[in-house]
Amino acid sequence: MKKGRLIVISGPAGTGKGTVVNGLMERERYALSVSATTRAPRGFEQDGINYFFKTVEEFEEMIKNGEFLEYAKFVDNYYGTPKKYVLDKLEEGKNVLLEIEVQGALQVKKNYPDATLIFLLPPSMDELESRLRGRATDSEETILKRLARAEEEMSYKDKYDYQVVNLEVEQAVEEIENIINNLK
Ligand code: 5GP
């Protein structure tokens with residue numbers, strides 16, 4: 001059987017990654033990897049669905065046991081992709097989506113050169129700032145930290161195989177689908 005493709009999607013917070021990934025998943029042919037993280041669950045997040053929530057000790061044990069395809073620290077927390085699910089799905093011929101940050105994405109590319117890296121861009125940095133500010137619960141300090149981090153992440157965009165501007169969800173989903181469908 002033909003093996004599936006590994007598709008990595010990154011982009012700074014506020015770019016609309018989550019919405020675009022949901023849009024892609026509605027088309028149903030993809031397996032979505034659930035990451036492990038040491039950060040606390042937000043509001044409605046559920047263990048095993050949004051993330052596998054782990055203590056630092058548990059996460060470091062998983063690192064030691066070689067259970068991650070990639071992992072990284074992002075703003076004080078660990079995030080990592082459990083290897084088994086991804087490799088099983090690829091073996092079954094499914095395309096697997098990873099929604100991860102830039103350091104992890106580059107590790108994936110190094111270890112799996114056939115992976116396809118897609119960077120989702122906001123229409124502009126002004127737009128990104130107003131989206132981040134739209135989350136009214138964040139303090140000015142948090143907003144500025146996230147903006148700085150977003151700018152840092154943007155500097156990695158040229159290392160990706162494709163860049164897609166998220167002007168509108170439907171258009172971004174369509175463009176990403178086309179990229180995946182046209183992979184050789
Ligand atoms: P959040 O805390 O907002 O859910 O995620 C923060 C960042 O971590 C996002 O950029 C998200 O894409 C990234 N991320 C989520 N899971 C993983 C993972 O398994 N590995 C890596 N490297 N980054 C991840």
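The values are calculated or read from the model by the stated rules, or taken from the named source; none is laboratory data. On a predicted model such as this, the values are computed, not experimentally measured, just so you know. Counting neighbours? That spans all protein chains shown, and the Cβs are built from the backbone with ideal geometry, glycine included. Accessible surface areas use protein heavy atoms only, side chains included; no ligands, DNA or RNA. Shrake-Rupley method; radii C 1.70, N 1.55, O 1.52, S 1.80 Å.
Please verify whether residue 90 is at pLDDT 95 or above and within 12 Å of the ligand (Cβ to nearest atom), treating the condition exactly as stated.
Details: at pLDDT 95 or above: yes; within 12 Å of the ligand (Cβ to nearest atom): no.
It is false that residue 90 is at pLDDT 95 or above and within 12 Å of the ligand (Cβ to nearest atom).
Could you pull out the residue among 170, 175, 152 that is in a helix (DSSP H, G or I) and surrounded by 13 or more Cβ atoms within 10 Å (Cβ to Cβ)?
Just a single option satisfies the conditions, and that option is 175.
Pairs needed: first member in the range 1-23, closer than 13 Å to residue 183 by Cα; second member anywhere, small (Gly, Ala, Ser) and open to solvent by less than 10 Å² (accessible area, probe 1.4 Å); C-beta distance under 9 Å; at least 6 residues apart or different chains.
Matching pairs, first to second residue: 4/31; 5/115; 6/115; 7/115.
Residue check, residue 31 against (1) near the ligand (Cβ under 9 Å from one of its atoms); (2) on the phi < 0 side of the Ramachandran plot; (3) aliphatic (A, V, I, L, M), all met but one. Which one?
It fails just one condition, (1).
Go through the range 31-52 and count every residue that is surrounded by 17 or more Cβ atoms within 10 Å (Cβ to Cβ) and free of Cβ contacts under 8 Å to residues at least 40 places away in the same chain.
1
Is there a residue being of a type in the set (Ser, Thr, Tyr) and either part of a strand (DSSP E or B) or at pLDDT 95 or above (or both) anywhere in the range 8-23? So that I can check it myself, show each step before the final result.
The first filter runs over the range 8-23 and keeps only residues of a type in the set (Ser, Thr, Tyr), leaving 10, 15, 19.
Those left that are additionally either part of a strand (DSSP E or B) or at pLDDT 95 or above (or both): 10.
Yes, the range 8-23 contains a residue that is of a type in the set (Ser, Thr, Tyr) and either part of a strand (DSSP E or B) or at pLDDT 95 or above (or both).
Assess whether residue 67 counts as being closer than 30 Å to residue 179 by Cα and either within 13 Å of the ligand (Cβ to nearest atom) or surrounded by 17 or more Cβ atoms within 10 Å (Cβ to Cβ) (or both). Break it down into steps so the answer makes sense when it comes.
Values: closer than 30 Å to residue 179 by Cα: yes; either within 13 Å of the ligand (Cβ to nearest atom) or surrounded by 17 or more Cβ atoms within 10 Å (Cβ to Cβ) (or both): yes.
In short, yes.
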